[in-house]
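Shown next, in C-alpha cells, is the structure this report addresses.
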Amino acid sequence: MLDFPLWKRGWFWGLTLALSILALPSLVSLTNARWPASLPSPMVNLGLDLAGGSHILLEADPAQVTAQRIRNMEEAVRSAMRRADPPIRIGDVSAAEGRLSFMVESVADIDRARSVLEPLLNGEGLTREWNLSVEDETRIVLTPTQAALDQALNAAMDSSQDVIDRRINALGTREPTIIRQGDNRIVVQVPGLEDPEQVKELIGRTAKLEFKLVNENALPSDLAQGIAPPGQQIVPYAADSGFAGQSLAVYRLGGIDGSTLIRAQASRNQENQDVVVIQFDQQGGNRFAKLTSENVGKQFAIILDGEVISAPVIQDQILGGVSEISGNFSPETAQQLAISLQSGALPVDLKVVEERTVGPDLGAESIRLGVIAMIVGSVAVVVLMVVTYGRFGIYATIALILNVLMILGIMAAMNTTLTLPGIAGFVLTIGAAVDANVLINERIREERKRGRRVVAAVENGYKEASRAIFDANITNFIAGVLLFMFGTGPVRGFAVVLVIGLFTSVFTAVSLTRMWVAGWLRKARPQDINL
C-alpha cells in the first residue's frame with residue numbers, strides 16, 4: 001500500500017499536469033482573454049448549439065441519378081457495339097422516360113446484340129441491374145431495376161457527403177456536422193460560420209469539369225433555337241465568361257472529364273490573370289495528350305457544371321497532364337473553384353431546401369448556465385465530501401478538480417467538439433466522479449469497524465472497492481461506446497464526454513487519491529483516521 005516508487009509518482013503527476021495544461025487555452029477562451037499566439041493552443045471546439053453557425057439542409061433529385069446511369073449505359077452500349085466483330089450498327093438512340101432504347105439496323109443482329117449486352121446488365125455479384133426487352137423486332141430497350149437505382153442513389157449520397165466534408169474542411173472550419181437524413185438529404189452544420197452564403201456557394205457547385213470538342217460548323221440559327229445535330233449537345237456560356245447569352249455545340253462523346261484530376265490550385269498566369277492550374281493523373285494525362293494531339297487547330301470547350309467557361313483553340317499537344325483554366329476569375333472565385341475541383345465533383349446536384357443561422361447568444365447563455373450548474377454542483381459535492389470524510393474528502397475534492405481539467409485537456413488534444421449535451425455530461429461526471437471515493441471511504445470505514453489497523457484498513461478499502469468501481473465503469477463504458485456508434489449529433493457529444501470522463505474519474509479518484517493517502521500515511525503514521 002505504501003509502496004509508490006518515484007517513477008510511478010513522476011508518471012502520475014506528469015500525466016496529470018500535461019493534460020491539465022492542455023486545458024488552459026480553452027479555459028482562457030471562456031474568459032474572453034487572448035491566449036499568447038506564440039504558445040500552442042489546442043482548443044475544445046464548440047458545437048453549433050453553443051457557438052452558433054449555419055444550418056443547411058440539402059436535397060438531391062433521384063431522377064438525376066437515373067439519368068446519369070442511363071448516360072453511362074449509353075456510352076457502354078455504343079462502345080460494346082463498336083467492339084463487336086463485326087461491329088453492330090445501331091441508331092435512333094433514346095434516353096427518355098427513364099430507359100435506354102435504340103434500333104438495331106439489321107434484324108439478323110438482334111440475337112448477337114443481346115449476347116453482347118448481357119455482360120453489361122449485371123452488377124457485382126451477378127446482381128441484375130438492367131432488364132432487357134425487344135420491341136418491334138429491332139428496338140432493344142434497357143430499363144434499370146429499382147434495386148439498382150436505390151443502390152446508385154445511396155452511393156451518390158455517400159459520395160456527396162464525403163465531397164462536402166472535404167470542401168467544408170478546406171475552409172479551415174473545425175468540426176462541421178455532415179450527416180445523411182433520409183434517402184436523398186444531407187444536413188450540414190458549420191459552427192462559428194454565421195453567413196451561410198459562402199457555404200452554399202461552395203457546396204452548391206457540382207464541380208463537374210468536362211473537356212469536349214466543339215462543332216465549329218454548327219449553324220448559328222440552330223444554336224439560337226437550341227437545336228443540336230445528332231450526337232451533339234448545346235451548352236450555354238457562363239454568365240461571367242464574356243459570352244453570356246451565347247451557346248456552343250459540342251460532341252457528347254469523345255471528350256474527357258475531371259474524374260482523373262489529382263490537383264487543382266488557384267494561381268496567376270503570365271498575363272497576371274487569376275487562373276486555376278489543374279493536373280491529371282497518368283491515365284487522365286495520357287487521354288488529355290491524345291485529345292490535344294489529334295485535334296490541333298480545333299476548338300474545345302471547358303465546361304463546368306453544364307456551362308462553358310472557356311473555349312480555346314488547341315495550339316499544340318499538351319503533355320504532362322497539366323493545364324490551366326481561365327475565365328474572368330477573381331482571386332476568391334478562383335480559390336473556390338480550386339477547392340471544388342480538388343475535393344472532387346458532386347455525383348448529383350444538391351439544392352438547398354432549408355437554411356437557418358443560429359446566433360451565438362443562446363450558446364453563450366447555455367455555457368453561462370452550464371458553468372453555474374457545474375460550480376453549484378461542485379460546491380455542494382465539495383462541502384458534503386469534506387464534512388463527511390475530512391482529509392479524505394479534501395483529497396476527493398482535489399481529484400474532482402483535476403478530473404475536470406483532464407477531461408478538457410483530452411478533448412482539446414483530440415480536437416473534439418463540446419455541445420450542449422456535452423455540458424450535461426460534464427455536470428453528470430462531477431456527480432459521478434466522487435462515487436468512487438464514496439465507495440472507497442465507506443469501505444475503509446467498515447474495515448476500521450472490524451478492528452483492522454489504519455494501513456490495513458486503507459489498503460483493503462481501496463482493493464475491495466476498486467473491483468466494484470471497475471465493474472460499474474465497464475458497463476458505463478459499453479453504454480457510452482454504443483451511444484457514440486449509433487447516435488448522431490447531440491447524443492454523440494454526450495457520449496464523448498461520458499467516455500472520457502470514465503477514464504479520468506477512475507484515474508483521479510482511485511490512482512491519484514491512493515498515491516496521496518499513501519504519502520500521508522507514510523509521513524504521519526496516524527494511529528486512527530477520521531472517517
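The set of residues in region 104-120 that are among the hydrophobic types (A, V, I, L, M, F, W, C) and exposed (fewer than 15 other Cβ atoms within 10 Å of the Cβ) comprises 107, 108. Considering 93, 141, 134, 187, the condition of being assigned to a strand (DSSP E or B), among the hydrophobic types (A, V, I, L, M, F, W, C) and touching a His at 6+ places or on another chain (Cβ under 8 Å) is satisfied by 187 alone.
If the condition is being at pLDDT 70 or above and touching a helix residue (DSSP H, G or I) at 6+ places or on another chain (Cβ under 6 Å), then region 358-373 contributes only 373.
Only one entry in 429, 504, 513, 488 is polar (S, T, N, Q), out of contact with any Phe, Trp or Tyr (no Cβ under 8 Å at 6 or more places or on another chain) and at pLDDT 85 or above, namely 504.
Contact annotation: residue pairs with Cβ atoms under 8 Å, 6 or more positions apart or on different chains, pairing a residue in region 6-30 that is in the same structural domain as residue 514 (by TED's automatic domain parsing) with a partner that is of a type in the set (Lys, Arg), are 28/34.
Would you confirm whether any residue within region 395-414 is modelled with pLDDT under 85 and of a type in the set (A, V, I, L, M, F, W, C)? Scanning region 395-414 turns up at least one residue that is modelled with pLDDT under 85 and of a type in the set (A, V, I, L, M, F, W, C). The residues of region 207-234 that are under 25 Å from residue 335 (Cβ atoms) and of a type in the set (A, V, I, L, M), listed by number, are 207, 209. Here residue 210 clears all of (1) buried (at least 16 other Cβ atoms within 10 Å of the Cβ); (2) assigned to a loop (DSSP other than H, G, I, E, B); (3) touching a residue at least 40 places away in the same chain (Cβ under 8 Å) except the condition numbered (2). The residues of region 273-331 that are at pLDDT 75 or above, surrounded by fewer than 16 Cβ atoms within 10 Å (Cβ to Cβ), out of contact with any Ser or Thr (no Cβ under 7 Å at 6 or more places or on another chain) and over 20 Å from residue 250 (Cβ atoms), listed by number, are 282, 286, 322, 330, 331.
Residue-by-condition table, conditions (1) touching a residue at least 24 places away in the same chain (Cβ under 8 Å); (2) at positive phi; (3) in a helix (DSSP H, G or I); (4) not assigned by TED's automatic domain parsing to the domain that holds residue 24:
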{"site": "397", "(1), (2), (3), (4)": "no, no, yes, no"}
{"site": "408", "(1), (2), (3), (4)": "yes, no, yes, no"}
{"site": "424", "(1), (2), (3), (4)": "yes, no, yes, no"}
{"site": "441", "(1), (2), (3), (4)": "yes, no, yes, no"}
{"site": "444", "(1), (2), (3), (4)": "yes, no, yes, no"}
{"site": "452", "(1), (2), (3), (4)": "no, no, no, no"}
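When you scan region 507-522, do you find a residue that is not in a helix (DSSP H, G or I) and not hydroxyl-bearing (Ser, Thr, Tyr), even just one? No, that holds for no residue. Within region 58-83, the set of residues being without any contact (Cβ under 8 Å) to a residue 40 or more places away in the chain and over 15 Å from residue 151 (Cβ atoms) comprises 63, 67, 71, 74, 79, 81, 82, 83.
The values are calculated or read from the model by the stated rules, or taken from the named source; none is laboratory data. On a predicted model such as this, the values are computed, not experimentally measured, just so you know. Virtual Cβ from ideal backbone geometry, glycine too; neighbours counted across all protein chains shown.
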